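Presented below is the structure to which this report refers.
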Amino acid sequence: CQNNLPYIWNGNSYNAAGTYKDTLVNSVGCDSILTLNLTIKNQTTSTTNVSVCSANLPYNWNGIPRNAAGTYTFNTTNAAGCDSTATLNLTVLNETTSATSVNVCPASLPYIWNGNSYNAAGSYDYHTTNAAGCDSTATLSLSVGTSVTSTTDVAVCNTQLPYSWNGNSYNSAGSYNVTLVSASGCDSIATLNLTVNNAVTSTTDVTI
């Protein structure tokens with residue numbers, strides 16, 4: 001394997017694959033030609049880039065759970081029997097959350113949000129996928145204001161006409177409605193029931 005170089009043979013060092021010869025003297029005093037056929041087996045490396053959502057942690061890689069983003073290495077032996085180093089570049093993608101607060105009047109119900117209809121105040125969650133491909137939770141806090149109604153009964157004499165109420169003048173008896181805005185910003189219907197009492201005249205003739 002590469003990491004075993006240099007290879008020592010007959011007192012010589014060899015750093016590359018090849019065929020090498022060495023001449024020695026054998027036991028009978030003759031030249032002896034030795035041949036070395038040296039093959040270098042390669043080490044292997046690999047890099048894996050992985051992106052996962054935080055909800056999918058831990059990420060299991062080569063039997064080891066990984067709980068955070070980072071670069072991890074794993075050493076083993078390849079098919080040639082040499083070192084093999086695998087590298088994992090782990091990226092953790094974030095989930096996203098958002099909050100929306102809305103106040104509506106009863107007349108505006110149902111309230112449409114993300115394609116859903118809501119008919120009452122409350123907290124509602126909507127789950128989707130963000131641009132990173134991870135879970136995204138949007139929360140709606142829906143408040144429903146109050147519509148107010150009031151009724152005012154008034155009796156006046158005809159000499160008190162016109163009668164002024166909420167900036168309007170009324171010259172005759174009747175039931176009148178005015179639309180105002182309540183403290184919560186919603187329509188408030190005020191009703192005036194106006195009665196007009198007639199003045200009474202009488203004549204008394206007396207002879208004494």
Modelled label reach - residue 12, point 7 Å along Cα→Cβ, segment 24-52 residues with backbone N closer than 18 Å: 24-26, 31-40
Integer Hz, Karplus 6.51/-1.76/1.60 couplings in order for segment 72-80, x for Gly and Pro: 10, 10, 9, 9, 8, 10, 7, 5, 7
Determine the per residue accessible area of the chain with all protein chains present and a 1.4 angstrom probe, expressed in square angstrom. 65 Å²
Residue by residue through segment 176-190, what is 3J(HN,Hα) from phi via Karplus (6.51 cos²θ - 1.76 cosθ + 1.60, θ = phi - 60°)? Round to whole Hz and write x for glycine and proline. 10, 10, 10, 9, 10, 10, 6, 4, 8, x, 9, 4, 10, 9, 9
Carbon and sulfur together cover what percent of the accessible area of the chain at a 1.4 Å probe radius? 47 percent
If I model a spin label at residue 24 and residue 94 as a point 7 Å from the Cα along the Cα→Cβ vector, what separation in nanometres do I get? 6.9 nm
Please report, in debye to the nearest 20, how large the charge dipole of the chain is about its Cα centre when each Lys and Arg carries +1 at its beta carbon and each Asp and Glu carries -1 there. 620 debye
Under 5 Å between amide hydrogens, which residues at least 5 positions from residue 145 or on another chain qualify, with H placed 1.01 Å from N in the peptide plane? 104, 105
Quote the convex hull volume per residue of the chain, based on C-alpha atoms, as a whole number of Å³. 178 Å³
What are the ³J(HN,Hα) couplings of segment 34-44, residue after residue, when phi is run through the Karplus curve with 6.51, -1.76, 1.60 and θ = phi - 60°? Round to Hz, x for glycine and proline. 9, 10, 10, 9, 9, 10, 9, 8, 7, 7, 10
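The values are calculated or read from the model by the stated rules, or taken from the named source; none is laboratory data. Since we're looking at a predicted model, the values are computed, not measured. Backbone-built Cβ (ideal geometry, glycine too); neighbour counts: all protein chains shown. Ligands, DNA and RNA are excluded from the accessible area calculation, which covers all protein heavy atoms including side chains. Shrake-Rupley method; radii C 1.70, N 1.55, O 1.52, S 1.80 Å.
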